[in-house]
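Student: Please see the structure below; I have some questions.
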There are 2 protein chains.
Amino acid sequence: MYDPTKPYKHRILKLIESTWRTPYVSVRRGIYPVFTKKFSDSEIQHTDGIGTKGGYHWRARTFRSAVIDALAMNLNDLALVGATPYVLQNHIVLPEDDHEAILKIVSTLSAECRKYKIAMTGGETSIHSDTEGMDISITVSGFVKKVRTNRCRPGDVLIGLRSNGLHSNGITLVRKVLGNMYLKDCTRPTAMYLDTVLRLLKKHDINGLMHITGGAFSKLKDILDGADARITFPARFKPQPIFRKIFEAGVPSAEMYRTLNCGIGFVLSAPQKDAVHILKVVPGALRIGEVKKGTGVVYIRSAFDGAEIVI
Amino acid sequence: MYDPTKPYKHRILKLIESTWRTPYVSVRRGIYPVFTKKFSDSEIQHTDGIGTKGGYHWRARTFRSAVIDALAMNLNDLALVGATPYVLQNHIVLPEDDHEAILKIVSTLSAECRKYKIAMTGGETSIHSDTEGMDISITVSGFVKKVRTNRCRPGDVLIGLRSNGLHSNGITLVRKVLGNMYLKDCTRPTAMYLDTVLRLLKKHDINGLMHITGGAFSKLKDILDGADARITFPARFKPQPIFRKIFEAGVPSAEMYRTLNCGIGFVLSAPQKDAVHILKVVPGALRIGEVKKGTGVVYIRSAFDGAEIVI
């Protein structure tokens with residue numbers, strides 16, 4: 001838990017407590033709070049942090065965006081199993097004991113938790129004098145009312161949801177290729193897809209769902225179930241300028257689509273009938289391809305140079 | 001979750017799956033596993049990492065000890081509410097993509113999880129090129145059959161359980177005072193108190209429990225409930241030599257007991273009758289003082305220079 005000798009401990013505890021009024025848990029206070037669930041569904045836990053991107057957020061002091069990144073990385077993965085998040089723990093690593101930064105991080109996270117009805121059940125702040133960056137890692141638990149398999153089916157339409165730029169992966173590649181510039185691109189927060197996905201799952205058959213993060217489009221292989229994905233982006237779709245800059249700096253299309261989201265942060269695989277409706281109602285949703293009988297391969301027509309990539 | 005492009009992903013997933021046979025959860029496999037609990041008690045979540053100590057473990061390649069540290073920091077805190085751990089998530093941060101280190105960490109953690117019947121429900125490995133250290137952070141959930149208040153009562157005997165040296169706190173102070181030497185002292189793992197505490201709670205009244213970590217003996221104030229703690233260590237008790245070295249390097253007694261465990265890693269506050277039995281059956285248990293009516297102050301007679309410290 002938070003170090004009791006720190007002057008900001010009580011403000012942090014107040015912020016954490018402000019998240020405990022959710023419909024999903026009741027709390028018994030004490031030296032550590034004990035939570036009792038108000039439901040008995042299956043559940044999933046998930047952990048993710050902001051990795052190398054933390055260094056950029058630290059230098060730019062974009063703490064709000066850093067929190068959104070950490071939260072979105074977790075909640076978007078929960079969306080893959082249609083889980084509703086209800087409790088989380090955080091772990092904040094900073095190179096120095098910067099009270100303003102810690103309070104900004106915890107207060108942003110508390111506000112987001114209240115919005116999503118997630119009880120923040122605790123966390124840890126750790127000062128690492130041997131790091132130059134910052135990390136915010138979150139572990140979230142979600143409950144699952146109906147356990148579904150996540151598998152594309154031949155005949156499905158592939159729908160891409162637009163990303164907000166780089167999100168939280170491939171930052172090391174960007175730094176290698178473009179140097180330490182592009183602070184704005186490297187601090188823009190990850191888009192949140194959970195709400196959209198949970199809403200769609202209530203009304204539609206969606207066979208496959210994938211969050212395009214580390215490993216990028218190669219992640220689709222985990223849900224292809226022996227079918228092939230054939231991806232051709234519509235002509236009107238342009239990846240954000242930062243992706244073109246990276247491509248033009250010499251990164252081949254195959255590596256682009258294996259490492260970066262290239263403008264698409266989430267992929268849905270749905271039967272034709274459902275896809276038509278989803279494409280109509282979700283802003284920024286694009287038809288990017290289809291699923292065919294095959295051998296579990298991802299084919300992509302690159303939006304950068306038209307090359308056909310096989311992943 | 002683990003990056004699918006990494007060659008060690010499947011070995012890691014196998015290790016994680018090896019922890020899923022516990023009496024506490026059942027698992028439905030999928031792109032993310034979904035867990036259903038076999039009980040419906042209250043629960044607690046807890047997150048902690050190894051902080052600055054990670055840098056020492058990385059340089060000494062003492063990965064096994066690093067895992068024990070991360071696990072003990074969490075499980076010992078769970079002991080404060082008498083919780084039984086049943087699922088955990090890990091977050092491993094390394095300065096480089098060292099496969100051997102990652103596998104050693106996950107295999108040690110899997111083995112410990114099997115021992116404690118904890119299902120490892122996932123985790124994340126993150127390579128931070130801007131850190132020189134290493135961090136292993138764990139989020140663990142425990143269930144609580146009987147929610148107890150954690151409060152010392154006047155008349156209680158204070159019992160100290162011996163530490164295994166520095167444990168995972170105050171490493172920054174050690175480095176400031178003694179420099180970067182003492183690698184052995186800075187990589188010795190944290191003692192595990194959970195088993196002992198859970199066993200004692202089944203048979204004994206124990207009013208107060210405290211894990212002596214960040215903040216050291218000042219943490220006792222959180223459970224004093226307006227009473228005073230009066231601590232005098234028995235003459236035969238000697239803190240480990242590393243503590244004497246730090247003291248002799250010029251750290252005053254008051255700072256020693258506010259920052260370091262000084263040989264005592266866990267404190268129990270129990271009625272006289274229970275204390276007598278606990279002191280008999282627990283190896284390394286020492287009577288270190290008593291609880292008196294007062295104003296919530298911790299008085300310590302320093303084992304280093306006999307000074308009376310007020311915290």
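Student: Filter the range A:55-93 down to the residues that are open to solvent by 10 Å² or more (accessible area, probe 1.4 Å) and charged (D, E, K, R), then identify the one that is modelled with the lowest pLDDT.
Tutor: Looking at the filtered set, the residue picked out is A:R59.
Student: Which of the residues spanning the range A:121-135 are at the interface with chain B (Cβ under 7 Å from one of its Cβ atoms) and either more than 22 Å from the chain's Cα centre (by Cα) or open to solvent by 20 Å² or more (accessible area, probe 1.4 Å) (or both)?
Tutor: A:E124, A:S126, A:H128, A:S129, A:D130, A:T131, A:E132
Student: Every residue in the range B:123-139 that is more than 23 Å from B:H10 (Cα to Cα) and either at pLDDT 90 or above or part of a loop (DSSP other than H, G, I, E, B) (or both), please.
Tutor: Correct list: B:S129, B:D130, B:E132, B:G133.
Student: If you don't mind, there's one more thing I want to ask. So, A:T139, is that one open to solvent by 40 Å² or more (accessible area, probe 1.4 Å) and within 11 Å of chain B (Cβ to nearest Cβ) or not?
Tutor: No.
Student: List the number of the failed condition for B:A111; all other conditions in (1) small (G, A, S); (2) open to solvent by 10 Å² or more (accessible area, probe 1.4 Å); (3) within 12 Å of chain A (Cβ to nearest Cβ) hold.
Tutor: For B:A111, the exception is condition (3).
Student: What do you reckon, is A:T213 farther than 30 Å from A:A70 by Cβ and not aromatic (F, W, Y)?
Tutor: no
Student: Mind checking which pairs have a first residue in the range B:146-159 that is modelled with pLDDT under 95 and a second that is among the polar types (S, T, N, Q) and not in a loop (DSSP other than H, G, I, E, B), Cβ under 7 Å, 6 or more apart or different chains?
Tutor: Going by the 7 Å Cβ cut-off, the qualifying pairs are B:V147/B:S42.
Student: From A:L103, A:L183, A:L178, which residue is more than 18 Å from the chain's Cα centre (by Cα), away from every other protein chain (no Cβ under 14 Å) and within 30 Å of B:R175 (Cα to Cα)?
Tutor: The unique qualifying residue is A:L103.
Student: For the range A:199-265, give me every one of the helices (runs of 4 or more DSSP H) that falls completely inside it and has 3 or more residues that are modelled with pLDDT of 95 or more and away from chain B (no Cβ under 14 Å).
Tutor: A:241-248
Student: Then there's this: Can you name the residue in the range B:186-209 that is open to solvent by 30 Å² or more (accessible area, probe 1.4 Å) and in contact with a Gly (Cβ under 7 Å, 6 or more places away or on another chain) and, of all such residues, is nearest to B:G263 (Cα to Cα)?
Tutor: B:R188
Student: Shifting gears a bit: Given (1) among the aliphatic types (A, V, I, L, M); (2) more than 18 Å from B:L279 (Cα to Cα); (3) buried (at least 22 other Cβ atoms within 10 Å of the Cβ); (4) in contact with a Phe, Trp or Tyr (Cβ under 7 Å, 6 or more places away or on another chain), where does B:I242 come up short, assuming only one miss?
Tutor: B:I242 satisfies every listed condition except (3).
The values are calculated or read from the model by the stated rules, or taken from the named source; none is laboratory data. It should be emphasised that the depicted structure is a prediction, and the values quoted were computed from it without experimental measurement. Backbone-built Cβ (ideal geometry, glycine too); neighbour counts: all protein chains shown. Ligands, DNA and RNA are excluded from the accessible area calculation, which covers all protein heavy atoms including side chains. Shrake-Rupley method; radii C 1.70, N 1.55, O 1.52, S 1.80 Å.
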